[in-house]
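The values are calculated or read from the model by the stated rules, or taken from the named source; none is laboratory data. For clarity, every value in this text was computed on a predicted model and none was experimentally measured. Positions of Cβ are backbone-derived with ideal geometry, glycine not excepted, and every protein chain shown enters the neighbour counts. Just so you know, the surface numbers come from the protein's heavy atoms only, side chains and all, with ligands and any DNA or RNA stripped out. Shrake-Rupley method; radii C 1.70, N 1.55, O 1.52, S 1.80 Å.
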Amino acid sequence: AYDPDNIFAKIVRGEIPSAKIFEDERILAFMDAFPQSKGHCLVISKVSKARNLLDVEPEVLSELAAATQRLARAARTALNPDGVIVTQFNGAPAGQTIFHLHFHVIPRWEGAPLGRHGGGMADPAELKALAAQIAAKLD
């Protein structure tokens, strides 16, 4: 069952701060507080109670896919990485740690190692600066 007190639900409700990149009435994109690389960001639905891709409503999935593409393009333009990973986990054995459907957008640079999923917490001021840099490149 969906836990309405998961960390992403709390972020949507404004109970926990986040470095927001963009938001509308249905979608929120923000910086990952435990980034695997510089510019690692997340896209979530504000309206769905889907725990993962396997139980999301098709119309919400379509909105999330479009928002994820938009975010990946902005991150690429803002940060000029050599590549961008877009990933999503379904279930704890697959690596999912927060059971609110979300997509990761992770910029990658040649020769730079990828950090551990859920590794060390980033500096909030640095995350806000990166969020603004990426937001400035949204189409």
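Scan segment 4-16 and report the pairs whose first residue is within 15 Å of A33 (Cα to Cα) and whose second residue is part of a helix (DSSP H, G or I) and open to solvent by 70 Å² or more (accessible area, probe 1.4 Å), with Cβ atoms within less than 7 Å and a gap of 6+ or a chain change.
Here the result reads I16/I7, each pair linking segment 4-16 to a residue that is part of a helix (DSSP H, G or I) and open to solvent by 70 Å² or more (accessible area, probe 1.4 Å).
Would you check which residues across segment 9-40 are within 17 Å of T68 (Cβ to Cβ), open to solvent by 60 Å² or more (accessible area, probe 1.4 Å) and of a type in the set (D, E) and list them?
Passing the criteria: E23, D24.
Hey, does segment 120-129 have a residue that's surrounded by 17 or more Cβ atoms within 10 Å (Cβ to Cβ), part of a helix (DSSP H, G or I) and in contact with an Asp or Glu (Cβ under 9 Å, 6 or more places away or on another chain)?
Yes.
Here is a yes/no grid of residues against (1) in contact with a Lys or Arg (Cβ under 8 Å, 6 or more places away or on another chain); (2) modelled with pLDDT of 95 or more; (3) at negative phi:
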| residue | (1), (2), (3) |
| --- | --- |
| I7 | no, yes, yes |
| G14 | no, yes, no |
| S18 | no, yes, yes |
| I21 | no, yes, yes |
| R26 | yes, yes, yes |
| A29 | yes, yes, yes |
| G39 | no, yes, no |
| L54 | no, yes, yes |
| T68 | no, yes, yes |
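Can you pull out every residue in segment 41-76 that is buried (at least 17 other Cβ atoms within 10 Å of the Cβ) and among the β-branched types (V, I, T)?
Within segment 41-76, V43, I44, V56, V60, T68 meet the criteria.
Name the residue that is nearest to L42 (Cα to Cα), counting only residues in segment 95-119 that are charged (D, E, K, R) and part of a loop (DSSP other than H, G, I, E, B).
Step by step, filter segment 95-119, then rank; the result is R116.
So V86 clears everything in (1) within 14 Å of the chain's Cα centre (by Cα); (2) among the aliphatic types (A, V, I, L, M); (3) crowded, with 19+ Cβ neighbours inside 10 Å except one condition, right? Which one?
(3)
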